[in-house]
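Written out below as structure tokens is the structure these notes cover.
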Amino acid sequence: MKMKKSRYTLAAFFTALPLITFNATALDKYVTENLTVYLTRGPGPQYAIVGTLNAGEKITVLETSSDGQYTRIQNDAGKIAWVKSTNLTDTPSVKEQVDILAQKLSSAQEQATKLEQEKNTLLNEYSNQLDTAKQQIEKLEQSNRQLQTTFDEQQAKITSLSETVDEKRQDLMLTWFTRGGLVAGIGLILGLILPIIMPKRRNKDRWMK
């Protein structure tokens, strides 16, 4: 009977407590690394436990009690309850920090892979362009060799024709000189013979008269 009366007295005492004022904050915090953090229905130990939080779990602060000892929170599952403020911290848990680092590492690896792919793509494009340039240079060199060969052949023909023309000119000059010499020789002979022949004819004409 005494225990029942004491329970009723405690219940009446807590019921008669003045209402506690709260400050809304709406901040993100993290559960400390304690193994188990209990959630209560209200801001105090007299309220029933309604659940637990995992160590390092991220929660959202909704409000704090006027004395700052309890904080009303909401977890990712949407559950709203109260927890001791000392069980909350602004620092992410080691697990979450590891997860963040893992995400950053994964992002860095993706970027490195992307950059490597871009580098390989650029190298392939450069290699293809270089091969194309080499092929064009080889074609130009081959064309240049062909043109040089054609030029040499034409030059040789021109030289041969020039020599032939020179030979023909010399032959022609020699022919003209020869003909001129013959004409001059014939003229000279005629010049020597005609004076001898012409007087005799004149004498014969005189005798015939």
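Taken together, the values in this text are just the output of simple stated rules run on the coordinates, not laboratory data. In this text, all values refer to a predicted model and were calculated from it rather than measured experimentally. Counting neighbours? That spans all protein chains shown, and the Cβs are built from the backbone with ideal geometry, glycine included.
Structure values in brief
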| read-out | value |
| --- | --- |
| Virtual spin-label span in nm between Lys104 and Ser143, 7 Å along Cα→Cβ | 5.8 |
| Charge context of Val50, other residues only, Cβ under 10 angstrom, K/R +1, D/E -1 | +2 |
| Inter-label distance, nm, simple model (7 Å from Cα along the C-beta direction), Gln46/Tyr126 | 7.7 |
